[in-house]
Amino acid sequence: MKFIAEINVMPLKALLDPQGKAVGMVMQNTGYTEISNVRIGKHITLEIEAPTKEAAMERVNEACSKVLTNPIMEGYEYKITEA
């Protein structure tokens, strides 16, 4: 079976997000004063061939923790759907 994984990777909340801070300052300076605490991450979509949804989840978890994220600085969450 083929599955689609939608993965969101974000900096850990305890760490400074310099890119988010810079964008947040620009938002404030351009009149978007109601917007605060901007955090910027990345969104990854991939297809995976696996016999079951559980097997697909296991492989996506492995890929996230070993390749797609830096566990010291980033966290991730994902959703898997059948293609």
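The values are calculated or read from the model by the stated rules, or taken from the named source; none is laboratory data. Worth saying up front: this structure is predicted, and the values here are computed from it rather than measured. All Cβ positions, even for glycine, are placed from backbone atoms using ideal geometry, and neighbour counts span all protein chains on display.
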Hey, among the residues in segment 63-83 that are part of a helix (DSSP H, G or I) and not hydroxyl-bearing (Ser, Thr, Tyr), which one's surrounded by the most Cβ atoms within 10 Å (Cβ to Cβ)?
Cys64
Counting only residues that are under 23 Å from Gly75 (Cβ atoms) and among the β-branched types (Val, Ile, Thr), how many does segment 19-63 have?
8
Of all residues in segment 1-16, which are at pLDDT 95 or above, under 16 Å from the mean Cα position of the chain (by Cα) and either surrounded by 14 or more Cβ atoms within 10 Å (Cβ to Cβ) or outside any strand (DSSP E or B) (or both)?
Ile4, Ala5, Glu6, Ile7, Val9, Met10, Pro11, Leu12
Can you name the condition, by its number, that Val60 falls short on among (1) in contact (Cβ under 8 Å) with a residue 12 or more places away in the chain; (2) hydrophobic (A, V, I, L, M, F, W, C); (3) not in a helix (DSSP H, G or I)?
(3)
Close pairs (6 angstrom Cβ cut-off, 6 or more residues apart or separate chains): in contact (Cβ under 8 Å) with a residue 60 or more places away in the chain in segment 67-80, in a strand (DSSP E or B) and exposed (fewer than 15 other Cβ atoms within 10 Å of the Cβ) anywhere:
Glu77/Asn8; Lys79/Glu6
For segment 21-57, how many residues are of a type in the set (A, V, I, L, M), touching a residue at least 40 places away in the same chain (Cβ under 8 Å) and in a loop (DSSP other than H, G, I, E, B)?
1
